[in-house]
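Visitor: Structure below; questions to follow.
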Amino acid sequence: MIEFRCSNCSQRLVVREDRAGRVSRCPRCKAEVTIPQASTPEPIVETEDDELTLITPAKPLDGAMLNLPDERELLERVAERQREEERLLTSLGVRRSDSHTGERRFIWPIDVLLYPTSGPGLTVLVLLSVAPLLLEFIRRFVPLVGYMGMVFLVFSFILGLYAAWYLAECIHDSARGGTRAPEFVGAGQSEMWSRVSYLLAVCIVYLVPFVLYTMFAPGRDAIFWGLAAYTLVFFPIGLLAMVVNDSLSALNPLFLLGSIFRTLFQYTGLLILLAAVGALLWLGSQAGMEEEQMRPFWLEAVGLATSVYVTFVLAHVLGRFYWHNADKLDWGL
């Protein structure tokens, strides 16, 4: 006799050896089973019946096991549980971060240029374009003296800090796979100030030396070009490392050199792109300074909006550099 178990309900079955290889039905669950070959013969009382025989009495199936909800009911339960979680997180002041796939909606050159076109991105774009123009308009026609001038100075400083924080958020979101400018709500003042203070530290270490030398020694000597190269090489990756890690290791040039060598080809291409765009913006600003008296106000508005837009795109490109080279950089995000 051949003894085996049903592949569907695991019921132990027994059948004569001459039935090996045939297909029959389980007496318990009625599922089709293929009778295996006999391994070793065992002494057992033969039966007259050729059909499969139960070794142990069949137990009735639990009716509650068959009373399963349909697919629609399961989906409704999952959706309701997700809504409850969202309400709980909202009541606690916690905003669930969106998951990104990194996939682009259009071909990459067009999609990169469309990065600031989300609702929050356009809102910040208008804010950072209109507010400085409004201040410039007031400065031209209204003398800012006393406390009024101090108020405008403080407002400009706060606006600059907010712009720095949002651009850092753009870099961080792009490093996680985002393809459009992120939302700008949900961050507390302490979190915003922590991010801005880190960015200021990066600027002091990698950008301020070049700026100070340019201001006080305007000659184009070897020191000027050395500081320019230092800023070009270390400032982008230092900014990216600080945004991704929130760690003071981004202020260590040796740490950044290791990251640069691991992504030398890709980072060189990024630097060429940043240098080209920066040169174009600088040439535009120099031409604007020479023609400041003749330049109409609307042209100044267009120039500022274009500069802010391009800055958003460059922040996205910097974040996507991490997205594509995360394994080589090995910073952890």
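Visitor: When you scan the range 206-242, how many residues do you find that are surrounded by fewer than 17 Cβ atoms within 10 Å (Cβ to Cβ), within 19 Å of Leu274 (Cα to Cα) and of a type in the set (A, V, I, L, M)?
Guide: 5
Visitor: Follow-up. May I ask you to verify whether Tyr162 is crowded, with 19+ Cβ neighbours inside 10 Å and either assigned by TED's automatic domain parsing to the domain that holds Arg320 or not aromatic (Phe, Trp, Tyr) (or both)?
Guide: Values: crowded, with 19+ Cβ neighbours inside 10 Å: no; either assigned by TED's automatic domain parsing to the domain that holds Arg320 or not aromatic (Phe, Trp, Tyr) (or both): yes.
In short, no.
Visitor: Would you check which residues across the range 254-286 are polar (S, T, N, Q) and modelled with pLDDT of 85 or more and list them?
Guide: Step one: of the range 254-286, the residues polar (S, T, N, Q) are 259, 263, 266, 268, 285-286.
Ser259, Thr263, Gln266, Thr268, listed by residue number.
Visitor: Further question on the same structure: What do you reckon, is Gly119 modelled with pLDDT of 80 or more and surrounded by 12 or more Cβ atoms within 10 Å (Cβ to Cβ)? Show your work before the answer.
Guide: On the way: modelled with pLDDT of 80 or more: yes; surrounded by 12 or more Cβ atoms within 10 Å (Cβ to Cβ): no.
The answer is no for Gly119.
Visitor: Restricted to the range 296-333, and to residues that are more than 22 Å from Leu127 (Cα to Cα) and modelled with pLDDT under 80, which residue is surrounded by the most Cβ atoms within 10 Å (Cβ to Cβ)?
Guide: Trp331
The values are calculated or read from the model by the stated rules, or taken from the named source; none is laboratory data. All figures in this text were calculated on a predicted structure; none of them were measured in a lab. Cβ atoms come from the backbone with ideal geometry, glycine included; neighbour counts cover every protein chain shown.
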